[in-house]
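Data block below; observations after.
The values are calculated or read from the model by the stated rules, or taken from the named source; none is laboratory data. Predicted, not measured: the structure shown is a model, and the values here were computed from it. Note that we place each Cβ from the backbone using ideal geometry, even for glycine, and neighbour counts take in every protein chain shown. Heavy atoms of the whole protein, side chains included, go into the accessibility calculation; ligands, DNA and RNA do not. Shrake-Rupley method; radii C 1.70, N 1.55, O 1.52, S 1.80 Å.
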Amino acid sequence: MGEVFMIQALRGMRDIAGREARIFQMIEEKARYYFELYGYEEIKIPIMEMTELFSRGIGDMSDIVQKEMYTFEDRKGRSITLRPEGTAGVVRYYIEKGLDKNDPVQKLFYTGPMFRYERPQKGRFRQFYQFGVEAFGIESYLLDADTLDMLVAYFTAIGIKNPVVKLNNIGCSQCRPAYNGALKAYLHKHADELCPDCRQRIETNPLRVLDCKNEKCRAVTQLSPDIGDFLCDSCRKYDEELRDILTRRSIPFERDRFLVRGLDYYVRTVFEIHGGEGAQNALMGGGRYDGLVEALGGRPVPGFGFAIGVDRLVALLSDTGLFEKNLSDLFIAWSLTDKVPLLEKSSALRKCGLSVEFLADERSLKNQLKYAHKKGYRFVVLLGDDEAYSEEIHLKKMDSGDEVYVSPIDIREHLI
RNA sequence: GUGGGUGUAGCUCAGUCGGUAGAGCAACGGAUUGUGGCUCCGUUGGUCGUGGGUUCAAAUCCCAUCAUCCACCCCA
């Protein structure tokens, strides 16, 4: 324990093992299945990028860039950053390969760890995992609707109980300035009722006052101007069509005009899905980012995407009581002078398609049976010098204690 | 970065007024020499997170520090 030399995992980094690993595996498998079902293709992107990619992509002034990045110099003195999110890397790929010019419609997904230097708490880690989806070159509410459809299908499939879809439209470069102005004017009038942070935000980023958790700020924003009343014609049409088709497709959502999202690049549609306990209960978040490709040096191509917080899904599914370990079909308890039959028998059984485990070190039979029982094996093959060269398998059923001799060919019939 | 809670065996925890450390579970062994569960017996396992201070004496009181949890900021 407290030894000076005790080596432990870095702060905010954790091991995902056993049951958690099984859940992780299941939700990743299903994510791949559903993403591909909706026409997305996997891309593996690097875990590190040039620091500038993130500062330009996410926004110099964002908290992520300001204080949450793992940034260091490589051996040649270049500034490198462990990715704090996935979108920037995918956009970099998209532009670097010239896809914005030559093949602009791309539907991609990625999975993997992200890194942010934050103080850990429930549902938040310094290394955390995301499944991300990005669609380029498509500007239509139908994409947004199809994506929400996919997410609902996916969340249902993995067993998330009551996901709450929150949706908002935060306007575009045409209409948001007018709203910002109106909001600023309103907030100025009530500045003395706001928390210190929000007083700052009135000038720097008034939208973010809307999702402050402070009760007083909430009371103020409750009566603030509604972005919905300021949308330009095209944004309004987009929003109406999206909500209309979601309603008619019976995809449940609630409009939340206080949902604004933290990353600078979002326009129009933003959405989150919430569920579970604790303050960090956003299971995923995303939206439309029509200006991002251009901001990173590509052509003005529309984009749409989201990221799922895998750790939070794992946490939610952890208390469902499912996901027991997949045991091997058979456990071999052995006691042999010549060890060759052990490998022969297990290999033969495995060729029959049965998974087989045994303890490779020499132990008493009692010890091995104890182990098999503890692990929950229902069937044990007993292999001693007596059985070593016999064609038959000495099979013990742990439930009843019955023992039978069977030929390998019909052993399956006994594994019930 | 800010605030609060918690650090005693692998795990869950007890430890009185300050008197030098305990239980249950787990692991391992035995009762049962080729047979698990139930029972009984036994064994292993601790610089009480770390460092300093007060004291004749500190797991206990004080300070610092680290870790962890929860919350804030922010985000998945």
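Below is a table of values for the structure above.
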item: In the range A:302-321, residue farthest from the chain's Cα centre (by Cα) [restricted to those that are under 11 Å from A:Ile27 (Cβ atoms) and among the β-branched types (Val, Ile, Thr)]; result: A:Val314
item: Residue selected from the range A:188-200 under the condition part of a helix (DSSP H, G or I) and within 19 Å of A:Gly262 (Cα to Cα), by the criterion most open to solvent (accessible area, probe 1.4 Å); result: A:Gln200
item: Qualifying positions in the range A:251-265 - at pLDDT below 90 and under 17 Å from A:Cys235 (Cα atoms); result: A:Val260, A:Tyr265
item: Residue in the range A:236-257 that is of a type outside the set (Asp, Glu), touching a residue at least 24 places away in the same chain (Cβ under 8 Å) and farther than 23 Å from A:Val165 by Cα present; result: no
item: Residue check, A:Lys67 open to solvent by 10 Å² or more (accessible area, probe 1.4 Å) and touching a Gly at 6+ places or on another chain (Cβ under 7 Å); result: no
item: Per-region count, the range A:18-59, residues within 13 Å of RNA strand B (Cβ to nearest atom) and either without any contact (Cβ under 8 Å) to a residue 60 or more places away in the chain or part of a loop (DSSP other than H, G, I, E, B) (or both); result: 2
item: Selected residue (only one of A:Gly305, A:Gly228 is free of Cβ contacts under 8 Å to residues at least 60 places away in the same chain and either more than 16 Å from RNA strand B (Cβ to nearest atom) or under 27 Å from A:Asn162 (Cβ atoms) (or both)); result: A:Gly228
item: Residue list for the range A:113-163, filter: more than 15 Å from RNA strand B (Cβ to nearest atom), in contact (Cβ under 8 Å) with a residue 40 or more places away in the chain and among the hydroxyl-bearing types (Ser, Thr, Tyr); result: A:Tyr141
item: Those helices (runs of 4 or more DSSP H) lying entirely in the range A:263-368 with at least 2 residues surrounded by fewer than 17 Cβ atoms within 10 Å (Cβ to Cβ) and not acidic (Asp, Glu); result: A:340-351
item: Answer from A:Arg208, A:Arg261, A:Arg249, A:Arg218 - the residue that is of a type in the set (Lys, Arg) and over 29 Å from A:Asp311 (Cβ atoms); result: A:Arg249
